[in-house]
Each structure stands twice: as C-alpha cells, then as structure tokens.
Amino acid sequence: MECLPRHELQALQLRRLQDLIRRADAQVPYYQRVFRDAGIHPEDIRSLDDLQRLPFTTKDDVRTYSMTEMMAVSMDRVVRLHASSGTTGHPTVVAYTRNDLDLWSDLVARIIRAGGVGPSDILQVAFGYGLFTGGFGLHYGAEKIGAAVIPASSGNTLRQIELMRAMKATALVCTPSYALHIADFLEKEGVKPGKDIHLRFGLFGGEPWSENMRREIEAGLGISATDNYGLSEIIGPGVSGECPVKNGLHISEDHFLAEVIDPDTGQSKAIGEEGELVLTALTKEALPVIRYRTRDICRLIPDPCSCGRTTVRMTKVQGRNDDMLIVRGVNVFPSQIEEILLEVEGVQPFYQIILGRKEALDTIEVQVEVRGEVFSDEMKGMRALEEKLRQRLHTALGISVKITLVEHRTLERAIGKSKRVIDNRNF
Amino acid sequence: MKLRQISIFLENQAGRMAEVTGILGRAGVNIRAIALADTADFGIIRLIVDKTDKALEVLKNEGITVKETQVVAVEIPDRPGALAAILNILGKAGINVEYLYGFLDRVEDRAIMVFRFEDPDQALGILTKEGYQALNGSRVHSM
C-alpha cells in the first residue's frame, strides 16, 4: 500500500472519499446537518478536488456536539473510548469500533516498521497508558508486527532504565524530551549504551522536536530515532511517521487525505507551501472526520522518497496556530487553566504560564496574582490556596504544575491584556 | 478591645520590603509593630500603625494587596516567663493562636503581645478573667 503508484492510490482515495461522504450523509447527524446547510449531496463528490467543497471540522465541533451526533455507528459497535484535552474542562472523546482498532494497529505497525523495528525487537512503551492514545496505540501496533512489548508506561526514569536493562529492550517509545531525559540520566549514572543497555531504535512523538534534539538523543542512547505523528481526533498515533531517510513523515494516504490551508482564510495552499494541516479520515467507522483542522503547521513534500514509499510526506510540525501548549507530550490549553483559577478564586484571574525545561523535561509554572479576594492574612490560608490550585490543575491537566503566588500587577500586561504564556524552552 | 492590623502580601524579593515601608514613610505613617511570615516565594507582613486608614489608602493606591484584620493586644510584664504564662492559660482553655508577635512599651516597663485568634471574643473573655488587660486600639495606635 505504501508503495502504490500514485494514480492507483488516488483512485483508491476517491472511492474511499465517496464512500465516506455517503456514510456521513446517511449515518452521522452532525454531517447530515452540515451537508444540508452547505447544499452538498454525496453524488457531488466526483474527484478528489471536490473535497475542497466540503466544510471544515474543528476541535470545537467535535467537542460541542454530543458523541452520538458525531458517530456513524451505534454504541453497541463501539469497543474503546479515548479522550484528549479540550479547550475547557470537557475533553474531546473519541470512539473506536473493533475494525477501527484493527486499522489503528495496522497504521501504527507501519510507522514502527518504517522506524526500523521488526518482530525480533523488544519495544519498551514509555508513553502513558490511559485516555491518551499514545500508549495503547503504540502497544497494539507493536504487537501487530510481532515485537515483544514492555508496557512500562510513563515516568520513573530509574525504573525505566532498570526495565530496559533487565528485559533487554531494543526499542524505546516515548516523547522526544523524555528520551533526552533518559539519555542525560544514563550519562549521569554512568550507564553505557551498547554495553549496559541495548537500544537500537527510538520511536518518538507527541510533541514537536528539532533535528538538534534528534542528534542528541541518537548520540546519547546509541539509537536511530524517528518521529511519528497523529492526533486522537483523527485516530491517534499512526497518521504519519518517518522512514530511515528521516526527511519528512510519510502520511498513510490510503486512509488519510492531507491538505494544507492558509489558517486565516481557509484557502488551500499549493503543495509544498507551509500552512495548517487538514486531515480527512477516509476509513474510520465510529467517528468519520472530514477536513479536520489540526492547527498544526507544516508543509507537504510531494517528491518521491528514496525509501520507495510513494506516499506524500509532511515536514515535522513547525508550530501551532492556536494557543495549545504541549507539555511533556500532554496537550494543555491556557483556557483550561484559566477556567480552574476562576473557579477557585471566584474572580477573573490574572495569571501567567511559564514553560521551561529542567533535565530535558518540560516544567510548567503558573504564576497567580494574589488579590484582595483571595488574600488570607494567615499563612495556612495561603498554603491551602496554593495546594488547592495545584491539585485542581493536576486533576484537570494530568500533569503536575508549580504554583507561584505573586503580587497584584506584577505580571506583564500589554494594553489591558496580559501576556499569558512565556515559553523558555529550546526545542 | 480589638485592634486594627494591616496585612500585606509581598513577593519574597530583595528590596520589596523597603519599597512598601517607604510608601508608608512618605505618607507620614508611623509603624508601631511589625511581624513577617514568609516562605521561599512570598511573605505576609503584619503591621500596627498609627494611621491605619491612611496606610490602607496609600497601599491600595499603589496596587498592593492589603487586608485589614482584627487582632488583640495584651499587656504582659516584661520579665522571663511572662509569655509562657499567658500561653499556658490560652493552651489550657483550648484557644488556638493563629500567630503572635510582641513589642516593648518605650515609656512603661512592659511588653505588648499582639495575638491573632480564631475566636478573639472567646480569648478576650478568658484573658480578662485571668487578670490580663487588653489594650484598646487608640492606646496602641498612638503609642
């Protein structure tokens, strides 16, 4: 599939697109309404270019409409639910049928193979297992190719290293920053890659990273490191991944149509131009997604790859065109933080989010201005406020946050609006 | 018999205390007593001043987070064991002291202890019964 001649691939894409639009029109209440409002009939889709006549789907659409309105099947066919952060307290829930899970495993299997990992490998998954699609996605993909999986889950670096040493892991799955953290840890502890541990491959995703980081990780762990990309709303990891050439991530185009648009106008950009990636999931059963705006900025590379795959590649994600932050692979929206501060303090909060890196791991600090309404004259009152904010944010975001109470008016304000986020990280 | 105290929220930063007390100084506010509670990141300054309303006004105008609280000032003898004695009485009565600080009377040979109680009225009742004298506000503010 990955090496199909372009014209055959495009014929397959068109058939699948037409089928998708028919299914959405017949079974998805949300798309029925959208198509009716836009005057679109399934028979209007005669070529891949007709895709551009369809409206976009945004994260807010997926979140605002109830899952049953977005779903093409009834709940008795759903076998798995995952969720990703929403811009407010409500997460975006995604559903999978049995076939969706099989498809997902196949797609992840491709990126695992493309990253160099084979059936004889032992793959340690240091992504969190849970609602986040990273852990389970890579887990099932690795089992699909016949690799042995160590479901280590995230965190506890010392234990990760003991596991990879004891179980002789040959491949590591995690965020690139965690890989760098492990590499730094090995150096500090005097653990020698190639002697004490035997990693050969690393499959990293969940956050943006640079070629510089790749070089550091590859040198520090003694591995070949590849990038992979995906998002829960589309399917999870497995949308695209790098091959050994490491020049762009091959998109599994038989299942996903990729476009790049101007984020401001919504107009399609010429292939090769930078813009926002828009994805259509052609074959998913439970939650068909048409022209989903990922908010990720990248370019598409149409030229054939020397690896022999004919699929289009995307560059590494260059940034976001919304205010979403990625902290230790977890998606965080400033609005989620604001919502909790407002709830705890009872007044519109003044706050600033400061991102940094410590020992290669992301840190997130929320500086909160203490105003009269929340100021307690007693230390225990202030401690309780700190603790409450810390716990509430940890619950909502799934990552630990340092809370710093600061004086009123100390946070930088630009024309009545404070600069919410300061990112001191180097990628 | 309660006393007006000003509490100020401050970041734990070099020079910040000087700035805040400077604001009071320029406004002609005299500090009678001061106590500081701090963590690595922030502190709470508690002040008894001669002109409480003026102090609150100038601090608020500077955007400083400030709060007025009620405390109890009790006169105790200026000699060893005097503080322990009053604390014993409060402890036996099950009275919780949130915090306390003290200062000396320049004129008379005595110490003034400032208490912040969870329940000031209950505490005052017990202390009065034991023969302690709570000082009234105007007396302390103008000392």
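The values are calculated or read from the model by the stated rules, or taken from the named source; none is laboratory data. All values derive from a computational prediction rather than experimental measurement. So basically every Cβ, Gly included, is an ideal-geometry build from the backbone, and we count neighbours across all protein chains shown.
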- Restricting attention to segment B:73-101, report how many residues are touching a residue at least 60 places away in the same chain (Cβ under 8 Å) and away from chain A (no Cβ under 14 Å). 3
- State all residues of segment A:332-353 that are under 13 Å from A:L393 (Cα atoms) and touching a Ser or Thr at 6+ places or on another chain (Cβ under 8 Å); if no residue qualifies, say none. A:V332, A:F333, A:S335, A:Q336, A:E339
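Taking the condition charged (D, E, K, R), closer than 20 Å to B:H141 by Cα and in the same structural domain as B:V97 (by TED's automatic domain parsing), does B:E57 pass?
No: the conditions fail for B:E57.
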- If you go through segment A:352-359 one residue at a time, do you hit one that is part of a loop (DSSP other than H, G, I, E, B), under 29 Å from the mean Cα position of the chain (by Cα) and more than 14 Å from chain B (Cβ to nearest Cβ)? yes
- Restricting attention to segment A:360-388, which residues are surrounded by 19 or more Cβ atoms within 10 Å (Cβ to Cβ), more than 30 Å from B:R4 (Cα to Cα) and within 13 Å of chain B (Cβ to nearest Cβ)? A:V366, A:Q367
- Message: Among (1) buried (at least 17 other Cβ atoms within 10 Å of the Cβ); (2) over 24 Å from A:V332 (Cα atoms), there is one condition A:E69 misses while meeting the rest; what is its number?
- Response: (1)
- Message: Taking the condition of being over 17 Å from B:E19 (Cα atoms) and within 19 Å of the chain's Cα centre (by Cα), how many residues in segment B:40-53 meet it?
- Response: 5
- Sort through A:G241, A:G202, A:G222 and tell me the only one that's at positive phi, in contact with a Leu (Cβ under 9 Å, 6 or more places away or on another chain) and either assigned by TED's automatic domain parsing to the domain that holds A:G308 or of a type in the set (G, A, S) (or both). A:G222
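Each row is one residue, and each column tells you yes or no for (1) in contact with an Asp or Glu (Cβ under 8 Å, 6 or more places away or on another chain); (2) aromatic (F, W, Y); (3) modelled with pLDDT of 95 or more; (4) crowded, with 22+ Cβ neighbours inside 10 Å.
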| site | (1), (2), (3), (4) |
| --- | --- |
| A:F56 | no, yes, yes, no |
| A:V78 | no, no, yes, no |
| A:V93 | no, no, no, no |
| A:A109 | no, no, yes, no |
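Does A:D61 fit the bill of being surrounded by fewer than 21 Cβ atoms within 10 Å (Cβ to Cβ), of a type in the set (D, E) and at pLDDT 95 or above?
When the stated conditions are applied, A:D61 does not pass them.
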- Only residues that are touching a Leu at 6+ places or on another chain (Cβ under 9 Å) and facing chain A (nearest Cβ under 9 Å): list them for segment B:44-66, please. B:I44, B:R46, B:I64, B:T65, B:V66
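Would you tally the residues in segment B:113-143 being closer than 18 Å to B:N30 by Cβ and modelled with pLDDT of 90 or more?
If we filter segment B:113-143 for residues that are closer than 18 Å to B:N30 by Cβ, which is where we start, we get B:114, B:135, B:137-143.
Retained after the next criterion (residues that are modelled with pLDDT of 90 or more): B:114.
Qualifying residue count for the region: 1.
Condition check ((1) more than 19 Å from the chain's Cα centre (by Cα); (2) assigned to a helix (DSSP H, G or I)) across all residues:
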| position | (1), (2) |
| --- | --- |
| B:K67 | no, no |
| B:I89 | yes, yes |
| B:G94 | yes, no |
| B:R106 | no, no |
- Message: So, in segment A:376-400, how many residues would count as being touching a helix residue (DSSP H, G or I) at 6+ places or on another chain (Cβ under 8 Å) and assigned to a loop (DSSP other than H, G, I, E, B)?
- Response: 2
- Can A:G135 be described as touching a Gly at 6+ places or on another chain (Cβ under 8 Å), of a type in the set (G, A, S), in the same structural domain as A:R77 (by TED's automatic domain parsing) and outside any loop (DSSP other than H, G, I, E, B)? yes
- Quick one: which of A:V28, A:V94, A:V78, A:V73 is touching a His at 6+ places or on another chain (Cβ under 6 Å) and in the same structural domain as A:D121 (by TED's automatic domain parsing)? A:V94
- Within segment A:144-152, can one find any residue that is touching a His at 6+ places or on another chain (Cβ under 7 Å) and either surrounded by 15 or more Cβ atoms within 10 Å (Cβ to Cβ) or at negative phi (or both)? yes
- Message: Looking at segment B:108-119 only, could you name the residues that are more than 9 Å from the chain's Cα centre (by Cα) and within 12 Å of chain A (Cβ to nearest Cβ)?
- Response: B:F117, B:E118
- Note on the structure: Going through segment A:280-302 in order, the residues found to be crowded, with 22+ Cβ neighbours inside 10 Å and in a loop (DSSP other than H, G, I, E, B) are A:L282, A:K284, A:A286, A:L287, A:P288
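Is it the case that A:G116 is surrounded by fewer than 21 Cβ atoms within 10 Å (Cβ to Cβ) and within 15 Å of the chain's Cα centre (by Cα)?
no
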- Working only within segment B:72-87, note down all residues that are of a type in the set (A, V, I, L, M, F, W, C), within 18 Å of B:G125 (Cβ to Cβ) and under 16 Å from the mean Cα position of the chain (by Cα). B:V72, B:A73, B:V74, B:I76
- Qualifying positions in segment A:211-228 - closer than 23 Å to A:I251 by Cβ and not β-branched (V, I, T): A:E211, A:M213, A:R214, A:S224, A:A225, A:D227, A:N228
- When the residues of segment B:4-18 are filtered to those that are within 11 Å of chain A (Cβ to nearest Cβ) and without any contact (Cβ under 8 Å) to a residue 12 or more places away in the chain, which remaining residue is surrounded by the most Cβ atoms within 10 Å (Cβ to Cβ)? B:R16
- Item | Filtered residues of segment A:112-136 (kept if hydroxyl-bearing (S, T, Y) and either touching a strand residue (DSSP E or B) at 6+ places or on another chain (Cβ under 6 Å) or under 19 Å from A:N156 (Cβ atoms) (or both)) | A:Y129, A:T133
